[in-house]
Amino acid sequence: MENLLTEIDHVAIAVSDLEAAIEWYRDTLGASVAHREVVESDGVAEALLRVADSYVQLLTPTRPDSPVARFLARRGEGLHHVGYRVADCAAALAAVRAHGGRVIDERPRPGSRGTLVAFVHPSASFGTLIELVQDDADHGVTRK
Ligand code: CO
């Protein structure tokens, strides 16, 4: 079948101190922030560091009951999810369900940067939380 994944959009890392993580990536690896956003609906603040055409997404909770806060409490800092770029988020979500995958989002919903996203549950995808990311518009962030 056709590969539905067109690119790695971002690798998301949960951190407890966003400013310290941003500084570390900047001072140690020279990676700078391309975009920052607070996504209130998810209870997260994020910073995107550009790596070629993809991003490292540093994530930190904005409230104690957010999913990322629970992740940090349970697992500590580290890899949280992988975001794959897809041309059609709804179609990719349907493909996951058709193959027995367990989805977290029943339908695509707004993500950061004006994207459309849906999450796939790690229990049916070999332990990795997967985010399907559809980025139709160039918001001056995703493409040079
Ligand atoms: Co993400």
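The values are calculated or read from the model by the stated rules, or taken from the named source; none is laboratory data. The structure presented is a predicted model; accordingly, all values stated were derived computationally and were not measured. FYI the Cβ positions are ideal-geometry reconstructions off the backbone, even for glycines, and counts take in every protein chain you see. Accessible surface areas use protein heavy atoms only, side chains included; no ligands, DNA or RNA. Shrake-Rupley method; radii C 1.70, N 1.55, O 1.52, S 1.80 Å.
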Per DSSP H run of n ≥ 4, the term is -39500 (n - 2.57); total these for the chain, divide by its residue number, and report the mean residue ellipticity at 222 nm rounded to 500 deg cm²/dmol. -6500 deg cm²/dmol
What's the ranking of 7-14, 31-38, 58-65 by average number of surrounding C-beta atoms within 10 Å, highest first? 7-14, 58-65, 31-38
If Lys and Arg each add +1 and Asp and Glu each add -1, what is the summed charge of the other residues whose beta carbon sits under 12 Å from the beta carbon of residue 95? -1
For region 1-127, take the convex hull of the Cα atoms, compute a quarter of its surface area, and give me that in nm², please. 8.2
With every protein chain kept in place and ligands, DNA and RNA left out, what is the accessible area per residue of region 5-134? Probe 1.4 Å, answer in Å². 50
Net length gained if the chain between residue 97 and residue 24 were fully extended (0.36 nm per residue, minus Cα distance): 22.4 nm
Fraction of beta bridges assigned by DSSP in region 5-134 that are antiparallel (%, nearest 5): 75
May I ask you to order 75-86, 111-122 by the average number of other C-beta atoms within 10 Å around their residues, highest value first? 111-122, 75-86
Determine the gain in length on full extension of the stretch residue 90-residue 36; use 0.36 nm per residue of separation and subtract their C-alpha separation, reporting nm with one decimal. 16.9 nm
Restricting to Cα pairs under 8 Å and 6 or more apart, the percent relative contact order of the chain works out to 24
Go through 47-54, 94-101 and give me the packing order, highest mean Cβ count within 10 Å leading. 47-54, 94-101
In degrees, nearest 10, range 0 to 90: what is the angle between the Cα axis of helix 89-98 and the longest Cα principal axis of the chain? 60
Run the accessible area of region 5-134 with a 1.4 Å probe and give the carbon-and-sulfur part as a rounded percent. 56
Long-range amide H partners of residue 6, meaning residues 5 or more apart or on another chain whose placed amide H is closer than 5 Å, are 85, 86, 87
What distance in nm separates the two pseudo spin-label positions at residue 65 and residue 106, each 7 Å out from Cα along the beta-carbon direction? 2.1
Given region 54-109, report the % of alpha carbon pairs whose separation exceeds 15 Å. 62
